[in-house]
Amino acid sequence: MLAFKKKENIVRVCVCVCVYIEGALRFASYYGDHMVLQKSPESAVLWGYGPEGAQVTVTLSGPSQQKKSLVNVAKGIWRVTLDPVEAGGPYNLTAVVQSSTAALTDVLFGDIWLCGGQSNMWLQTSKIFNASEELDLAAKYPHVRTFMAALNLSEIEQTDLLQVEHTWAVPPENVADFSAVCWLFGRYLYKTLQYPIGLVESCWGGTPVEVWSSSRALKRCELLQTYNNPKENSILWNSMIHPLLNMTIKGAIWYQGEANADYHQDQYNCSFPAMIDDWRMAFHQGSGGQTAHDFPFGFVQLSTYEKGSKSDAFPNIRWHQTADKGFVPNPRMQKTFMAVALDLPDATSPFGTIHPRDKQDVAYRLTLGARAVAYNEKDVSFQGPFPKLILSAHDFINITYDQNVSVTPSKDIFEICCSEIQTPCGPKSSWVPAPIMHWGPATVQLSTSLCQSTDKVAALRYAWGDWPCDFKACSVYSASRILPAPPFITNHSPAKGNQEL
Ligand SMILES: *[C@@H]1O[C@H](CO)[C@@H](O)[C@H](O)[C@H]1NC(C)=O
Ligand SMILES: *[C@@H]1O[C@H](CO)[C@@H](O)[C@H](O)[C@H]1NC(C)=O
Ligand SMILES: *[C@@H]1O[C@H](CO)[C@@H](O)[C@H](O)[C@H]1NC(C)=O
Ligand SMILES: *[C@@H]1O[C@H](CO)[C@@H](O)[C@H](O)[C@H]1NC(C)=O
Ligand SMILES: *[C@@H]1O[C@H](CO)[C@@H](O)[C@H](O)[C@H]1NC(C)=O
Ligand SMILES: *[C@@H]1O[C@H](CO)[C@@H](O)[C@H](O)[C@H]1NC(C)=O
Ligand SMILES: *[C@@H]1O[C@H](CO)[C@@H](O)[C@H](O)[C@H]1NC(C)=O
């Protein structure tokens, strides 16, 4: 008798859930008042829940009008693709079925950027340098709107977010709790674009790239078989990215990699580019072709962790973030852009040195990349100097950069690997400093006198340390000093131009 009653209860609960899902007309979790929808030339995709088989009519009213009807709500879900809408607003959106209405007000059209990664993306605007000035400024940017997904994980791919942390808000509301890098990126972009920006934050501290990757992406890097705890594969992809695939987006920015410094570090040159490829494919499909199949993807190259550390974990991840090329975009990572951040250490950060508080420079450098790569603005410099030609002579090395440089001499930020035979140099090889002797508008000359006279220079590297310099005090910058030279090593893969070593 007791057992039977239990069963009865279970059946009742199930019926309740089903009736609720089928009966309610509503938008999916991440559509809300004050939101930004992707502007033309792309079309915004809207979806939600409704009674099975019913006809839902969606109406857009504001500076322009649209009406869309659709039949066949299937499996409790309706979906509509609007005609392209130019940047601007405000609009109201209503979805109507029989006598039931769901409405969104104060909707703007603009560009949607997704912000992902781990704790450096998570770090809130209230915690960065000059936070009070930033929060005061936020009220001046009511057209940069923010949305934050809650921290949820799932072992299966979810259709919708399990929970929303902050619904769409008009600044200054929620900016203090919002990702500083994401907010500042949106605010700086708005300054050049002058139309609405929608920022979607979906990130989680301490997470490796594997949890944000689908099994398709992991398989490409043979990470499915080797994972210690396979249950953790894809758990945030499932719950915090997959539900967003059906929304049209302009692009994504990403700040992650610290958690892979001691976890599948060697595979990061595969796993990170594979995740980008997979997200692009999945967002394109999920939006019915509206989100570009090669949408722009920007990321922050790792900053710093431990001053004086001899570990090459951060240098290796920085290198792997570029698919071992040293710069992006490159043939393996097209339409990507990178903010170099290794010259922005923060020794006294109350949040730990792994969380530097200067997020303004990080976001500004990202914005330069977005302007060049995502918005095709000509004449925007966004890459720091990279070697074009490396000449090795008897007792010196001459580096010619791909642009004019601003140089501060250093005795040890360049290092050479000396070897009797020209074998590949690795972390265990003997690296010695190569002091900067002279420099010209686009060249740097290094001394190789610290090699034994019987040895040859087998490899060269720059800024190859966890914490290679003090704040904004690395040796090589763009002529304007805005963009630091990214780190490089010559024996992992060929440099940009010819090299003769
Ligand atoms: C949107 O709806 C609000 C009330 O919900 C109304 O005051 C406003 O006039 C509407 N705007 C448009 C463009 O329809
Ligand atoms: C989602 O995460 C929130 C905290 O961010 C938690 O309170 C909630 O229980 C989670 N929901 C599910 C369904 O896991
Ligand atoms: C990735 O890096 C590892 C370790 O440095 C190296 O062995 C491997 O060849 C690289 N793979 C690719 C695809 O570049
Ligand atoms: C979202 O897109 C995926 C991938 O195309 C699709 O399987 C799913 O049905 C879509 N969900 C909704 C709610 O449209
Ligand atoms: C903080 O504000 C001061 C004074 O305006 C400025 O010099 C400094 O560069 C700012 N710091 C950051 C990280 O933006
Ligand atoms: C190397 O650079 C120095 C100064 O930057 C220049 O005087 C010299 O001619 C260069 N040598 C070669 C072989 O390019
Ligand atoms: C690089 O510097 C040289 C010498 O100062 C100058 O003549 C040249 O115009 C500069 N190139 C660029 C692209 O600014």
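The values are calculated or read from the model by the stated rules, or taken from the named source; none is laboratory data. Just so you know, these numbers come straight off a predicted model, no measurement behind them. Heads up, the Cβs are rebuilt from the backbone with ideal geometry, glycines too, and the neighbour counts pull from every protein chain shown.
For region 156-166, the criterion of being acidic (Asp, Glu), without any contact (Cβ under 8 Å) to a residue 60 or more places away in the chain and within 16 Å of ligand 2 (Cβ to nearest atom) is satisfied by at least one residue.
This table checks each residue for (1) in contact with a strand residue (DSSP E or B) (Cβ under 9 Å, 6 or more places away or on another chain); (2) farther than 25 Å from TRP319 by Cβ.
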site: ILE241; (1), (2): yes, yes
site: LEU244; (1), (2): yes, yes
site: ILE249; (1), (2): yes, yes
site: TYR268; (1), (2): no, no
site: ILE276; (1), (2): yes, no
site: ARG280; (1), (2): yes, no
site: HIS284; (1), (2): no, yes
site: THR291; (1), (2): yes, yes
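Exactly one residue out of GLY289, GLY298 is without any contact (Cβ under 8 Å) to a residue 12 or more places away in the chain and either more than 16 Å from ligand 2 (Cβ to nearest atom) or not assigned by TED's automatic domain parsing to the domain that holds TYR31 (or both), and it is GLY289.
Quick one: is ALA341 at pLDDT 95 or above and touching a Phe, Trp or Tyr at 6+ places or on another chain (Cβ under 8 Å)?
Numbers: at pLDDT 95 or above: yes; touching a Phe, Trp or Tyr at 6+ places or on another chain (Cβ under 8 Å): no.
No.
Applying a threshold of 7 Å to beta carbon distances and a minimum spacing of six or more residues, or different chains, the list of pairs starting in region 22-44 at a residue that is buried (at least 22 other Cβ atoms within 10 Å of the Cβ) and at pLDDT 95 or above and ending at one that is of a type in the set (Lys, Arg) and part of a loop (DSSP other than H, G, I, E, B) reads GLN38/LYS250.
When ILE128, ILE112 are screened for being closer than 18 Å to LEU245 by Cα, aliphatic (A, V, I, L, M) and away from ligand 1 (no atom under 16 Å from the Cβ), only ILE112 passes. Pairing each residue of region 71-86 that is surrounded by fewer than 11 Cβ atoms within 10 Å (Cβ to Cβ) with any residue that is of a type outside the set (Phe, Trp, Tyr), provided the two are 6+ apart or on different chains, yields C-beta distances under 6 Å for VAL71/GLN55.
Conditions (1) touching a residue at least 60 places away in the same chain (Cβ under 8 Å); (2) crowded, with 24+ Cβ neighbours inside 10 Å, marked per residue:
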{"site": "ASP294", "(1), (2)": "no, no"}
{"site": "SER303", "(1), (2)": "yes, yes"}
{"site": "GLY308", "(1), (2)": "yes, no"}
{"site": "PHE314", "(1), (2)": "yes, yes"}
{"site": "ARG318", "(1), (2)": "yes, yes"}
{"site": "VAL328", "(1), (2)": "no, yes"}
{"site": "VAL340", "(1), (2)": "yes, yes"}
{"site": "THR353", "(1), (2)": "no, no"}
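Just one of the numbered conditions (1) farther than 26 Å from ARG318 by Cβ; (2) modelled with pLDDT of 95 or more is not true of CYS203: (1).
Take the conditions (1) within 19 Å of the chain's Cα centre (by Cα); (2) more than 16 Å from ligand 5 (Cβ to nearest atom); ARG187 misses just one of them, which is (2). Just wondering, is there one or more residues in region 438-458 that are away from ligand 4 (no atom under 16 Å from the Cβ) and touching a residue at least 60 places away in the same chain (Cβ under 8 Å)? Taking every residue of region 438-458 in turn, at least one turns out to be away from ligand 4 (no atom under 16 Å from the Cβ) and touching a residue at least 60 places away in the same chain (Cβ under 8 Å). Return the pair list, or none, for Cβ contacts closer than 6 Å from residues in region 98-109 that are touching a residue at least 40 places away in the same chain (Cβ under 8 Å) to residues that are among the basic types (Lys, Arg), at least 6 apart or on different chains. From residues that are touching a residue at least 40 places away in the same chain (Cβ under 8 Å), the pairs are ALA102/ARG26; PHE109/LYS39. Annotation note: of ILE390, ILE354, ILE397, the sole residue that is away from ligand 7 (no atom under 16 Å from the Cβ), more than 21 Å from ASN269 (Cβ to Cβ) and assigned to a loop (DSSP other than H, G, I, E, B) is ILE354. Taking LEU108 as the residue in question, decide whether it is touching a Leu at 6+ places or on another chain (Cβ under 8 Å), at pLDDT 95 or above and assigned to a strand (DSSP E or B). Considered against the rule, which asks whether it is touching a Leu at 6+ places or on another chain (Cβ under 8 Å), at pLDDT 95 or above and assigned to a strand (DSSP E or B), LEU108 comes out as yes. Out of all the residues in region 45-84, which are outside any strand (DSSP E or B) and at pLDDT below 95? Those that are outside any strand (DSSP E or B) and at pLDDT below 95: GLY50, PRO51, GLU52, GLY53, ALA54, GLN55, VAL71, ASN72, VAL73, LYS75, GLY76.
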